[in-house]
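In what follows, a structure is listed as structure tokens, so that the remarks can point back to it.
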Amino acid sequence: MTQPLSLLPNVLVLALALAWPIVGGAQGASARYWADAWRGWHFYEDPEIDPAERPPAPAKVTPPPPELPEPPKLPKAPVAKPPELIEFERLQKSLEETRTIAIMRPTEANVRRYMALEAQVVARASTFADVAQRVAWATPELDPTLQGRPVNAKALEVFEPLQMAQRSESISALGRDHVLFFFFRGDCPYCHAFAPTLEAFQARHGIKVVAISVDGGGMPGFPDARRDNGIATTLNVSQVPAVYLAQPFTGKITPIGFGVLSETQLLERIATVSAAATDTATPLIGRHAGLR
């Protein structure tokens, strides 16, 4: 049934009166919702964190400055060789090449070319030797004939007695705290031939010779010879006669030589050994070696 249009305003007023409490209660929520319409459908949010519980922000790390590239290294300028070196290298190379060619193909032309070049090299070397000799004559400290043993016969007549006297004095001083060990065998003819030289050496230069018999036999000129107590084995004495220079209070023993030696050889070797470092000496316990 169609209602009269005059009743419509009354109906609307009644409907608004009945719906007012609902509209009024939702007004605050509606206002908040429509005010935050930018959130759209994402209506759920995490609870706000208390500033006291908020973790500290990470410290800013300043990146290191970029490394600058090293400047390019300039190539070293080549050192100019002296012209003499260049000429020598060229001559040396040419000599080797011509010699190789002459060996591989020994024709007369190849051999002649090599021999001619070799003659040039020999001539240069001879010129150098002549100049070096003149320089040595004018500079005594560079003259090899004035260093060490002379080569002139007259100079040798002076040098040898003088050197022997100096070495004799040195060995006499050495004899204050050194002795010579003379290892021998009673049945060794070389030991018997060498014994008189040692006996005279002892009397002339004042260094005591201690004779040690390896087999227990005797030796003329050394009536107080001792029997070996193991020192020959310790020193590995495998050949006699043998002579060692010993320093009893330190127990150091140094080999001088084996076989028959002359007095001059003994002087030279003892002087050389005593002047050298003691690294070659063999340290022994005194009472074990029979040194005390």
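The values are calculated or read from the model by the stated rules, or taken from the named source; none is laboratory data. Computed from a prediction, not measured in an experiment: that's the story for all the values here. Every residue, glycine as well, gets a Cβ built from its backbone with ideal geometry; the counts of neighbours run over all protein chains shown.
If you go through the range 172-179 one residue at a time, do you hit one that is among the basic types (Lys, Arg) and at pLDDT below 90? Steps first, please.
Residues of the range 172-179 among the basic types (Lys, Arg): 176.
With at pLDDT below 90 added as a condition, the list becomes 176.
Scanning the range 172-179 turns up at least one residue that is among the basic types (Lys, Arg) and at pLDDT below 90.
Going residue by residue through the range 76-94, is there one that turns out to be among the aliphatic types (A, V, I, L, M), closer than 30 Å to Ala125 by Cα, modelled with pLDDT of 75 or more and part of a loop (DSSP other than H, G, I, E, B)?
Here is the first cut: in the range 76-94, the residues among the aliphatic types (A, V, I, L, M) are 77, 79-80, 85-86, 91.
Of the ones still in play, those that are also closer than 30 Å to Ala125 by Cα are 79-80, 85-86, 91.
With modelled with pLDDT of 75 or more added as a condition, the list becomes 79-80, 85-86, 91.
Among the residues that remain, those that are also part of a loop (DSSP other than H, G, I, E, B) are: 79-80.
Yes: the range 76-94 contains one or more residues that are among the aliphatic types (A, V, I, L, M), closer than 30 Å to Ala125 by Cα, modelled with pLDDT of 75 or more and part of a loop (DSSP other than H, G, I, E, B).
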Go through the range 85-104 and give me each residue that's under 13 Å from Met115 (Cα atoms) and among the polar types (S, T, N, Q).
Ser94, Thr98, Thr100
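Given the criterion within 19 Å of Val273 (Cα to Cα) and in contact with a Pro (Cβ under 7 Å, 6 or more places away or on another chain), identify the matching residue among Gly175, Gly206, Gly251, Gly221. Quick ask: steps written out before the conclusion?
On the way: Gly175 fails: in contact with a Pro (Cβ under 7 Å, 6 or more places away or on another chain); Gly206 fails: in contact with a Pro (Cβ under 7 Å, 6 or more places away or on another chain); Gly221 fails: within 19 Å of Val273 (Cα to Cα).
Residue meeting the stated conditions: Gly251.
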Can you find a residue that is surrounded by 15 or more Cβ atoms within 10 Å (Cβ to Cβ), over 25 Å from Ser172 (Cβ atoms) and not hydrophobic (A, V, I, L, M, F, W, C) anywhere in the range 220-232?
yes
What pairs can you find where one residue is in the range 162-188 and farther than 27 Å from Asn236 by Cα and in the same structural domain as His205 (by TED's automatic domain parsing), the other is surrounded by fewer than 16 Cβ atoms within 10 Å (Cβ to Cβ) and among the hydrophobic types (A, V, I, L, M, F, W, C), and their Cβ atoms are less than 9 Å apart, with a gap of 6+ or different chains?
Ser170/Ala275
Of all residues in the range 241-252, count the ones that are buried (at least 21 other Cβ atoms within 10 Å of the Cβ) and of a type in the set (Val, Ile, Thr).
1
Cβ-Cβ under 8 Å, sequence separation 6+ or interchain: first residue in the range 256-277 and part of a helix (DSSP H, G or I), partner loosely packed, with under 14 Cβ neighbours inside 10 Å. Which pairs?
Glu263/Ala200; Glu263/Arg204; Val273/Thr280
